[in-house]
1. Given the condition surrounded by 19 or more Cβ atoms within 10 Å (Cβ to Cβ), closer than 16 Å to residue 46 by Cα, in contact with a helix residue (DSSP H, G or I) (Cβ under 9 Å, 6 or more places away or on another chain) and modelled with pLDDT of 65 or more, answer yes or no: does some residue in segment 160-167 qualify?
2. Restricting to segment 1-20, and then to whatever is part of a loop (DSSP other than H, G, I, E, B) and buried (at least 19 other Cβ atoms within 10 Å of the Cβ), can you tell me which residue is nearest to the chain's Cα centre (by Cα)?
3. Pick from segment 94-104 the residues that are assigned to a strand (DSSP E or B) and farther than 17 Å from residue 65 by Cβ: which of them is modelled with the highest pLDDT?
4. Please specify each residue of segment 21-44 satisfying the condition of being part of a loop (DSSP other than H, G, I, E, B) and in contact with a helix residue (DSSP H, G or I) (Cβ under 6 Å, 6 or more places away or on another chain).
5. Scan segment 30-55 residue by residue and report those that are closer than 28 Å to residue 7 by Cα and in contact (Cβ under 8 Å) with a residue 12 or more places away in the chain.
6. Select, from 78, 98, 58, the only residue that is free of Cβ contacts under 8 Å to residues at least 40 places away in the same chain and out of contact with any helix residue (DSSP H, G or I) (no Cβ under 9 Å at 6 or more places or on another chain).
7. Give the residue that is farthest from residue 36 (Cα to Cα), with candidates limited to residues of segment 71-84 that are over 10 Å from the mean Cα position of the chain (by Cα) and crowded, with 21+ Cβ neighbours inside 10 Å.
8. What about residue 84, is it outside any loop (DSSP other than H, G, I, E, B) and either modelled with pLDDT of 80 or more or at positive phi (or both)?
């Protein structure tokens, strides 16, 4: 791994883990591999926006950030927000057996922070959704917590994921 700035940031801020967020957070603009992931995610992002009835007339959700994460044994990835993002998510590249899942919460429910206008009101919205981590699976929100039960990655093998943010303005 040649990302010296990312390794330094991770050593200080992400015990037992690595993230390129602090150094290379726009991988979709730098690499054909991540451009392909952006292209593949597009239909899922559109489907999500339709499912939650966002009115994006004249607007488009666009990927603003895309970065790599590696969770080694005992890495902790606590609850955090993705400021200025309408939608964030994680795509799992490698998930060893015993890896913890992820929990997504939408902090906008009571504030409608950065949310596009809605086409109609839904009677029930889920405030939080948990997912097991699985290779090739994507999940998203704006507020997330990796390893919601244990708080750390317990397996010896590394869990590798790509996280991303989308915005509509």
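The values are calculated or read from the model by the stated rules, or taken from the named source; none is laboratory data. These numbers come from a predicted model, not from an experiment. A quick note on method: Cβ atoms are made from the backbone with ideal geometry, for glycine too, and the neighbour counts reach across all protein chains shown.
1. For segment 160-167, residues surrounded by 19 or more Cβ atoms within 10 Å (Cβ to Cβ), closer than 16 Å to residue 46 by Cα, in contact with a helix residue (DSSP H, G or I) (Cβ under 9 Å, 6 or more places away or on another chain) and modelled with pLDDT of 65 or more: present.
2. 20
3. By that ranking, first place goes to 94.
4. Hits for segment 21-44 are 22, 23.
5. If the condition is that a residue be closer than 28 Å to residue 7 by Cα and in contact (Cβ under 8 Å) with a residue 12 or more places away in the chain, then 34, 37, 38, 41 are the ones that fit.
6. On inspection, the qualifying residue turns out to be 58.
7. Here the answer is 75.
8. Answer is no for this residue.
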